[in-house]
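Participant: Got a structure for you, written out below as structure tokens; questions coming shortly.
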Amino acid sequence: MVLSSTERTGDARERLLARLLDAFGEDLPAPEVSLREIAARAETSHALLRYHFGSLPGVLVAMLKEQRSRDNAILVEAARQGAFDDLVVAIWRAYTQPQQLSRVRGFFHVVGLAAYRPEDFREFIDSLDDLTKVLASLAEREGRDAKEALTLATVTIAAMRGLLLQEVLTPTVHSEDAVALLLRMSKDKSAPRR
């Protein structure tokens, strides 16, 4: 079987991404690290990184997207047996572990870049609502209509991202109470319904 150059390039990119993920584990390279330093750690060349990912932000996006995809697969599997609140707690615990700090910081760095150049980060931006959809389906399963379930899931994810940012910027603030309040609010049936 003869592969097209596109298929070969895709395979090479995936192998290079796997190499980067192996080299950095759950971490992301810091924004101030050069492509040469990243290449040295992954035992590859910076020219290959530039060819396949374009730039440091391209490397960060590819790594972050793959790491989040892996996390989401685990969280979605856990959600199959659980409820809305169970998934919220699982998401919070997954991203507030000390070993996740580098990745959470990297997430907000990439989000900041995407805010200035959304056209360059479209694939990353489009992947941001994966867990929102899962939470919305759980809320529907628990009796909310589709629109309300999506709104609840969207607000919940937005609040958790805000709380994660607070954890990064002021780690002495205890966001656990805010997450508990968020869960109580999700159960509030007195909110106006349409």
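Participant: Restricting the search to segment 25-83, which residues are of a type in the set (Val, Ile, Thr), surrounded by 13 or more Cβ atoms within 10 Å (Cβ to Cβ) and assigned to a helix (DSSP H, G or I)? Write out each step before concluding.
Facilitator: The first filter runs over segment 25-83 and keeps only residues of a type in the set (Val, Ile, Thr), leaving 33, 38, 44, 59, 61, 74, 76.
Next, from what is left, pick out any that are surrounded by 13 or more Cβ atoms within 10 Å (Cβ to Cβ): 33, 38, 44, 59, 61, 76.
Result: Ile38, Val59, Val61, Val76.
Participant: How many of the residues in segment 158-187 are in contact with an Asp or Glu (Cβ under 7 Å, 6 or more places away or on another chain) and either of a type outside the set (Ser, Thr, Tyr) or modelled with pLDDT of 90 or more (or both)?
Facilitator: Number of matching residues: 1.
Participant: Let me ask something else about it. For segment 128-140, how many residues are touching a residue at least 24 places away in the same chain (Cβ under 8 Å) and charged (D, E, K, R)?
Facilitator: 2
Participant: Looking at segment 97-127, which of its residues are touching a residue at least 12 places away in the same chain (Cβ under 8 Å), surrounded by fewer than 18 Cβ atoms within 10 Å (Cβ to Cβ) and closer than 16 Å to Asn72 by Cβ?
Facilitator: The answer is Glu123, Ser127.
The values are calculated or read from the model by the stated rules, or taken from the named source; none is laboratory data. All values derive from a computational prediction rather than experimental measurement. No Cβ is skipped: glycine too gets one built from the backbone with ideal geometry, and neighbour counts run over all protein chains shown.
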